[in-house]
Structures are given as structure tokens and as C-alpha cells.
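Student: Structure below; questions to follow.
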Amino acid sequence: MDLLNNNGIFIFFIFVALVAGLFLFIIWAMLKMVTWGKSMSKGAYLFLAFFPLISLMPIPPPTYENVQKAKQEQRKRKEDSGDPPDDEDELVS
């Protein structure tokens with residue numbers, strides 16, 4: 001039984017079992033959260049309220065704020081260059 005003495009295969013199977021177990025646990029936890037959210041709407045709202053706080057990636061700012069900043073910078077550049085304001089600038093203001 002040379003196969004049982006080989007530690008590399010044994011460690012590989014343990015690793016595969018751990019990864020599969022972790023994957024199944026994550027699936028189970030997600031299903032439990034969904035069923036909990038469906039049965040208790042207040043809890044679902046609370047969970048959704050706190051979920052962004054525990055996320056790993058930062059939440060990007062809304063794009064309309066960036067668009068407004070770009071428009072303001074464009075207006076400042078036009079004023080600095082001395083060009084007369086366009087009709088679009090007068091309608092937006």
C-alpha cells in the first residue's frame with residue numbers, strides 16, 4: 001500500500017475536502033440568509049443597511065456628482081480663457 005504512505009496525495013485530498021466544505025458552507029449560509037430575509041422583512045432591511053459597511057471594496061461615489069464637478073471645472077476654464085458662455089451653460093444654471 002504505497003498509496004497510503006504517500007503524504008502528498010493525502011494532503012491534496014484534505015485540501016480538496018476543506019475547499020469543498022468551505023464552498024458548501026458559503027452556499028448554505030447564503031441560502032439561510034435568503035430564507036431569513038424572506039420571512040422577516042425588517043431583518044432583511046437591516047441586513048441590507050449594514051451590508052455595505054462590511055464590504056471589502058469601497059463604494060464609488062454616484063456618477064452625477066462627478067459629472068457636476070466636471071461641468072463646473074469646464075465653466076471655470078471657459079471663464080479663465082475669456083470665451084463667452086455657451087447657451088448650454090445659461091440653460092443649466
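The values are calculated or read from the model by the stated rules, or taken from the named source; none is laboratory data. None of the values given here were measured: they were computed from a predicted structure. Positions of Cβ are generated from backbone atoms using ideal geometry, with glycine treated the same way; all protein chains shown enter the neighbour counts.
Student: Can you list residue pairs whose Cβ atoms sit under 6 Å apart, with the first residue in the stretch 27-42 being of a type outside the set (K, R) and the second being in a helix (DSSP H, G or I)? Count only pairs 6 or more apart in sequence or on different chains.
Tutor: Close Cβ pairs (under 6 Å, with a partner that is in a helix (DSSP H, G or I)) amount to G37/A44.
Student: Counting residues that are out of contact with any helix residue (DSSP H, G or I) (no Cβ under 8 Å at 6 or more places or on another chain) and at pLDDT 85 or above, which helices (runs of 4 or more DSSP H) fully inside the chain reach at least 1?
Tutor: 7-39, 63-81
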